[in-house]
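These notes concern the structure reproduced below.
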Amino acid sequence: MKAISEMTHDEAAGVRFVLMDIDDTLTREGKLLASSYAALWKLKEAGIKVIPVTGRPAGWCDLIAREWPADGVVGENGALVFWEEPQGGSKLPSLKAEYHPAAVKNDHPVLARTKERALSEFPTLRVAKDQFARLFDLALDFAEEDPVLPLSAAERIRDIALEEGAMAKVSSIHVNIWMGKYDKLSMAEHFLSNRFGWKSGAGDREVVFAGDSPNDEPMFARFPLACAVANVCRYEGLIKQLPAFVASKECGDGFAEIAETILAKR
Ligand SMILES: [Mg+2]
């Protein structure tokens, strides 16, 4: 990874979309920072499309799409995308939703079995408290609250899910488990092309993605201008495809550094 300060003027000038993970990319210790939230506004005011791409629930995405300076939000690791559409004249914007065709409701017996095995193998593991707001995935909390379990436990839980025939990704706080073949990347690409006419290949360098953890790896691998915040180093060895750039600062301050660098070099 190169320092974000090494991004060239041409690279920054070509950016049309900034996509970002939320937990430990915009937040620090669970809180959205003033620096990172202000950075979202600055990007939007510069005409760049701002699109969070998160493992967080549908219920949170409703709020994000309506309330944040965002042009859309991909949630539940790619199961859904929500966005607002202006209705013209004096009409209020309308919230639109699209669900991945492969998304399966989270009452599936494979998810129930995975949860049972994971909770019996790790008695201090728990279902994430935002589970009630989820439509498609099961989130097991290993690090959002205490007791924090080691990353090796999160990897083992992921492996149990894969053995059971589910999909699973480890974020900085949860193991997300779902049925259906999709991820953050497939839904993000679909949304970029359907909503904004983005072209895969020719448009690859129009997209900056910023993230921090193993569930961001498909995005890191796909976009040549992908960036990480400095706390990505916690997952050394767990991420095979690191992004091109890394911020010097951690979490939301790292995201603000990435956004400000892009804006300053344009
Ligand atoms: Mg994260």
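The values are calculated or read from the model by the stated rules, or taken from the named source; none is laboratory data. From a predicted model like this one, the values you see are computed outputs, not experimental measurements. Because the Cβ atoms are built from the backbone with ideal geometry, glycine has one as well, and the counts that use them run over all protein chains shown. Calculation scope for accessible area: heavy atoms of the full protein, side chains included, ligands and nucleic acids excluded. Shrake-Rupley method; radii C 1.70, N 1.55, O 1.52, S 1.80 Å.
Could you say whether any residue in the range 11-27 is surrounded by fewer than 21 Cβ atoms within 10 Å (Cβ to Cβ), within 16 Å of the ligand (Cβ to nearest atom) and not in a strand (DSSP E or B)? There is no residue in the range 11-27 that is surrounded by fewer than 21 Cβ atoms within 10 Å (Cβ to Cβ), within 16 Å of the ligand (Cβ to nearest atom) and not in a strand (DSSP E or B). In this entry, Ala65 passes the filter for residues that are assigned to a helix (DSSP H, G or I), within 22 Å of Ser186 (Cα to Cα), free of Cβ contacts under 8 Å to residues at least 40 places away in the same chain and not charged (D, E, K, R). Across the range 185-205, the qualifying residues are those that are more than 18 Å from Lys96 (Cβ to Cβ) and aliphatic (A, V, I, L, M), and the one among them that is least open to solvent (accessible area, probe 1.4 Å) is Leu185.
Among the residues of the range 173-184, is there at least one that is at pLDDT 95 or above, closer than 18 Å to Arg16 by Cβ and either in contact with a Gly (Cβ under 6 Å, 6 or more places away or on another chain) or surrounded by 15 or more Cβ atoms within 10 Å (Cβ to Cβ) (or both)? Scanning the range 173-184, I find no residue that is at pLDDT 95 or above, closer than 18 Å to Arg16 by Cβ and either in contact with a Gly (Cβ under 6 Å, 6 or more places away or on another chain) or surrounded by 15 or more Cβ atoms within 10 Å (Cβ to Cβ) (or both), so the answer is no. Condition first: modelled with pLDDT of 95 or more, out of contact with any Gly (no Cβ under 8 Å at 6 or more places or on another chain) and on the phi > 0 side of the Ramachandran plot. Can you find one or more residues in the range 78-89 that meet it? Checked the range 78-89: at least one residue is modelled with pLDDT of 95 or more, out of contact with any Gly (no Cβ under 8 Å at 6 or more places or on another chain) and on the phi > 0 side of the Ramachandran plot. Counting the residues of the range 28-62 that are open to solvent by 10 Å² or more (accessible area, probe 1.4 Å), in a strand (DSSP E or B) and more than 16 Å from the ligand (Cβ to nearest atom) gives 1. The set of residues in the range 68-81 that are part of a helix (DSSP H, G or I) and touching a Pro at 6+ places or on another chain (Cβ under 8 Å) contains only Glu76.
The residues in the range 1-10 that are polar (S, T, N, Q) and either in a helix (DSSP H, G or I) or surrounded by 21 or more Cβ atoms within 10 Å (Cβ to Cβ) (or both) can be counted, and the count is 1. Between Ala230, Ala259, the distinction of being small (Gly, Ala, Ser), in contact with a helix residue (DSSP H, G or I) (Cβ under 6 Å, 6 or more places away or on another chain) and open to solvent by less than 10 Å² (accessible area, probe 1.4 Å) belongs to Ala259 only.
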